[in-house]
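Visitor: A single structure is presented below for examination.
The values are calculated or read from the model by the stated rules, or taken from the named source; none is laboratory data. Note that the structure is predicted; figures quoted are calculated from it, not measured. Neighbour counts are summed over all protein chains in view; Cβ atoms, including those assigned to glycine, are modelled from backbone coordinates with ideal geometry.
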Amino acid sequence: MPNVDFHLPEIRAYMPMYQLINDCVAGSIAVKGKGVKYLPKPAPADLSKENGLRYDQYRERAVFYNVTRRTLGGLVGQMFDQEPIIKLPEALKVLETDATGTGIGIVGLAKGLARSVVSKGRGGLFVDYPDAAEATTLQELEENGVRPTINYYKPEQIINWRVEARGAEEVTTLVVLKEPYVIKDDGFEQVKRTQWRVLKLTGLRGTDGQLTGKSAYSCEIWRDNRTAPWKTFNPTDAAGNPLNDIPFKFVGAENNDPDIDEPPMFDLADLNVAHYRNSADYEETCYVVGQPTLVLAGLTAEWYKDVLGGRVDFGSRGGVPLPVGATAELLQVQENTMAFEGMGHKERQMVALGAKLVEQKQVQRTATEAGIDANNETSTLVSSAENVSAAMTWAIEVAGQYAGTTGGEFTLNTEYELNTLSPGEQKEVIATWQAGAISWTEMRTRLRHGGLATQDDKTAKKEIDEEMEAQATADAETLATQTDETIRAAEAAAVAKAANTPTP
């Protein structure tokens with residue numbers, strides 16, 4: 001029996017990483033819900049009920065500070081801080097508000113893909129076509145609501161693929177996607193199961209039934225009965241011709257090829273969990289020995305019973321009478337415990353990995369170290385944004401093949417304010433431009449990357465020219481006014497002088 005649920009060894013190796021990132025992004029409830037997977041029991045050999053209850057309390061007191069989700073949100077927010085450039089053919093304008101067929105617009109679709117690529121380094125776009133056996137005109141598209149949709153897949157859903165060399169290029173000949181489908185819906189509750197979408201290229205036969213040497217794209221849906229496809233169809237373009245490529249695009253943090261890229265946020269998520277473990281130990285220490293403990297030395301049983309009455313009261317409401325030679329002191333845990341220091345150490349490591357939201361202000365780093373951190377983040381972020389942009393543009397173009405149109409563009413912002421220039425650096429850049437060592441465009445680019453300038457060069461140049469022209473006009477008017485006043489004052493002085501001068 002064919003195994004449609006076969007997972008390539010490559011994707012199986014990355015599944016634990018994806019799961020860790022998913023749980024960290026999901027937050028405290030998801031991480032704590034995994035129990036000993038992320039927080040081992042202090043006494044694993046003790047299977048008693050009491051130890052189980054103690055572990056539950058140990059886990060509940062721990063704090064999972066969700067650096068992973070907040071960092072991911074901040075990085076993706078940088079991508080969409082400026083509106084993406086979107087150009088759609090008229091026939092595909094509907095993608096702006098509903099790209100997926102489920103009400104998610106093209107920007108929302110891109111955000112989901114970007115989150116997957118930035119966090120896990122991988123995702124996929126699939127352009128789906130209606131099951132139409134014949135050519136569909138644009139009029140039929142509008143009248144029947146039949147149109148292509150663009151669907152985003154997480155890396156965990158892309159379980160199998162094949163690439164073959166055909167001449168000088170490599171062609172994807174198989175992609176297997178694992179996805180849910182609804183088997184029952186009573187209007188309130190939906191019951192879902194798993195289906196497999198198999199995208200593949202098959203040999204194209206001519207009218208004589210013989211293979212032509214060309215391939216055509218076909219789509220199979222496999223459900224409960226895995227012995228054969230539940231449904232098979234062969235989408236065509238607007239002219240009724242079969243497609244010669246699988247309309248699926250791999251998207252990665254490094255490039256958009258089928259090879260799996262390393263998850264950019266795995267190290268951060270791993271540290272986030274280690275920080276959670278230190279927090280559990282620290283909170284346990286605070287709970288067990290955090291309260292001040294009174295220690296009495298030299299106190300006899302008789303004194304305790306006869307003088308103290310079997311109890312010790314201390315604080316503002318009472319004193320502790322002691323026999324001669326006895327002492328009393330309070331024991332209190334100090335702040336710099338190993339668990340506490342371990343948390344601080346991991347926070348500083350997370351700063352170096354891009355966790356800007358938990359940066360400790362008192363931790364000093366050299367300018368070189370800070371620059372390296374920012375450059376690494378920017379490099380990953382820019383690469384991810386460019387790959388998402390390329391994939392979204394590709395999807396629009398492929399959707400146009402079905403709708404009988406061409407063109408389209410989707411471009412994300414790649415200029416981020418992650419490395420803001422200091423006032424001294426700003427002056428140095430401007431002075432370098434004024435000295436003629438760099439061009440105006442180079443100066444503007446440096447200021448933009450440093451977070452000081454926000455407009456594009458063309459807009460900024462136009463506004464600066466207009467402002468300088470207006471200032472020059474105002475200066476000329478002021479100078480003219482001052483000149484007129486100077487002339488009038490000189491003439492008045494001359495008249496006054498002449499009036500006061502005796503006639504010879």
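Visitor: Which one is modelled with the lowest pLDDT, of the residues in the stretch 127-150 that are in contact with a strand residue (DSSP E or B) (Cβ under 6 Å, 6 or more places away or on another chain) and surrounded by 23 or more Cβ atoms within 10 Å (Cβ to Cβ)?
Guide: Restricting to residues being in contact with a strand residue (DSSP E or B) (Cβ under 6 Å, 6 or more places away or on another chain) and surrounded by 23 or more Cβ atoms within 10 Å (Cβ to Cβ), the top hit is Pro148.
Visitor: For the stretch 83-97, which positions are part of a loop (DSSP other than H, G, I, E, B) and surrounded by fewer than 17 Cβ atoms within 10 Å (Cβ to Cβ)?
Guide: The answer is Glu83, Thr97.
Visitor: Here is a list: Lys120, Lys111. Which entry is at pLDDT 90 or above, surrounded by 17 or more Cβ atoms within 10 Å (Cβ to Cβ) and farther than 15 Å from Met392 by Cα?
Guide: On the way: Lys111 fails: farther than 15 Å from Met392 by Cα.
Checking each option against the conditions leaves just Lys120.
Visitor: Please determine whether any residue of the stretch 407-425 is exposed (fewer than 13 other Cβ atoms within 10 Å of the Cβ), hydrophobic (A, V, I, L, M, F, W, C) and modelled with pLDDT under 75.
Guide: No, because not a single residue in the stretch 407-425 is exposed (fewer than 13 other Cβ atoms within 10 Å of the Cβ), hydrophobic (A, V, I, L, M, F, W, C) and modelled with pLDDT under 75.
Visitor: So in the stretch 210-261, with the set limited to residues that are of a type in the set (Val, Ile, Thr) and part of a strand (DSSP E or B), which one is farthest from Gln195 (Cα to Cα)? Show your work before the answer.
Guide: So in the stretch 210-261, the residues of a type in the set (Val, Ile, Thr) come out as 212, 221, 227, 232, 236, 246, 251, 260.
Now narrow it down to the ones that are part of a strand (DSSP E or B): 212, 221, 232, 236, 251.
Details: Thr212: 32, Ile221: 7, Thr232: 13, Thr236: 23, Val251: 22 Å.
Restricting to residues being of a type in the set (Val, Ile, Thr) and part of a strand (DSSP E or B), the top hit is Thr212.
Visitor: Next question. Checking the condition polar (S, T, N, Q) and either exposed (fewer than 12 other Cβ atoms within 10 Å of the Cβ) or closer than 30 Å to Leu381 by Cα (or both), which residue from Asn51, Asn66 passes? So that I can check it myself, show each step before the final result.
Guide: Numbers: Asn51 fails: either exposed (fewer than 12 other Cβ atoms within 10 Å of the Cβ) or closer than 30 Å to Leu381 by Cα (or both).
Only one candidate qualifies: Asn66.
Visitor: Same structure, new question: Quick test for you: out of Leu53, Leu75, Leu39, pick the one residue that is in the same structural domain as Asp270 (by TED's automatic domain parsing), touching a residue at least 40 places away in the same chain (Cβ under 8 Å) and not in a loop (DSSP other than H, G, I, E, B).
Guide: Of Leu53, Leu75, Leu39, the one residue that is in the same structural domain as Asp270 (by TED's automatic domain parsing), touching a residue at least 40 places away in the same chain (Cβ under 8 Å) and not in a loop (DSSP other than H, G, I, E, B) is Leu75.
Visitor: To continue, here is another question. I want to confirm something. Restricting to the stretch 205-244 and keeping residues that are aliphatic (A, V, I, L, M), surrounded by fewer than 16 Cβ atoms within 10 Å (Cβ to Cβ) and modelled with pLDDT under 85, which single residue is farthest from Tyr402 (Cα to Cα)?
Guide: The extreme case among them is Leu211.
Visitor: Hey, does the stretch 343-355 have a residue that's out of contact with any His (no Cβ under 7 Å at 6 or more places or on another chain), more than 30 Å from Lys111 (Cβ to Cβ) and modelled with pLDDT of 75 or more?
Guide: Looking through the stretch 343-355, none of the residues is out of contact with any His (no Cβ under 7 Å at 6 or more places or on another chain), more than 30 Å from Lys111 (Cβ to Cβ) and modelled with pLDDT of 75 or more.
Visitor: Can you tell me how many residues within the stretch 55-89 are modelled with pLDDT under 90, among the basic types (Lys, Arg) and more than 30 Å from Gly105 (Cβ to Cβ)?
Guide: 1
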